[in-house]
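Have a look at the structure below, then the notes.
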Amino acid sequence: MAKKKIVSLEGAVKTDAGLSYKGIIMEPVVEKCEGCERVVAFEGDNYCPTYAQPEKKWAHGVCNFATHVRAEMDKAGKVKVNPLKASKRAARGR
Ligand code: SF4
């Protein structure tokens with residue numbers, strides 16, 4: 001497992017469009033991001049420094065940057081989402 005890295009969104013500014021950070025507008029993470037180690041909290045909301053628009057990322061299937069689930073193809077070529085054990089444990093503790 002990858003080590004948890006602390007990513008800081010220092011200097012980010014909340015705007016009506018989203019969180020403005022280094023010239024990028026970031027939208028809050030979506031429900032499916034919960035448990036992902038890339039989520040960073042900023043002033044009460046959670047953002048993803050890896051992908052500015054998590055909702056769009058998930059709209060196309062599984063986020064390929066996610067640390068908490070892994071997408072696998074089954075024999076029929078369908079994408080299956082497998083939650084990773086560590087994040088299941090974390091989710092229970094909430
Ligand atoms: S890497 Fe993917 S799953 Fe993780 S917070 Fe970002 S958009 Fe969500």
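Restriction of the trypsin sites (Lys or Arg not before Pro) in the stretch 1-85 to DSSP coil positions whose beta-carbon has at most 15 other beta-carbons within 10 angstrom yields Lys3, Lys4, Lys5, Lys22, Lys75, Lys78.
What number, in percent, do you get for the relative contact order of the stretch 13-92 if the mean sequence gap of Cα pairs under 8 Å and at least 6 apart is divided by its residue count?
Rounded, it is 21 percent for the stretch 13-92.
Taking all protein chains into account, the per residue accessible area for the stretch 13-92 stands at 70 Å² (1.4 Å probe). Among the chymotrypsin sites (Phe, Trp or Tyr not before Pro) in the stretch 1-74, none is located in a DSSP loop while being surrounded by at most 10 other Cβ atoms within 10 Å of its own Cβ.
Counting only protein heavy atoms and a probe of 1.4 Å, the accessible surface of the stretch 13-92 is 51% carbon and sulfur. Which of rounded, prolate, oblate describes the stretch 13-92, given a ≥ b ≥ c as roots of the alpha-carbon gyration tensor eigenvalues and a/c under 1.5 marking rounded, otherwise prolate only if a/b is larger than b/c? Since a/c reaches 1.5 but b/c is at least a/b, the shape of the stretch 13-92 is classed as oblate.
Loop-located GluC sites (Glu not before Pro) across the stretch 3-68 with a Cβ neighbour count of 10 or fewer within 10 Å are Glu10, Glu43, with loop assigned by DSSP.
The values are calculated or read from the model by the stated rules, or taken from the named source; none is laboratory data. Fair warning: this is a prediction, and the values are worked out from it, not measured in the lab. So basically every Cβ, Gly included, is an ideal-geometry build from the backbone, and we count neighbours across all protein chains shown. For accessibility, only protein heavy atoms count, side chains too; no ligands or nucleic acids. Shrake-Rupley method; radii C 1.70, N 1.55, O 1.52, S 1.80 Å.
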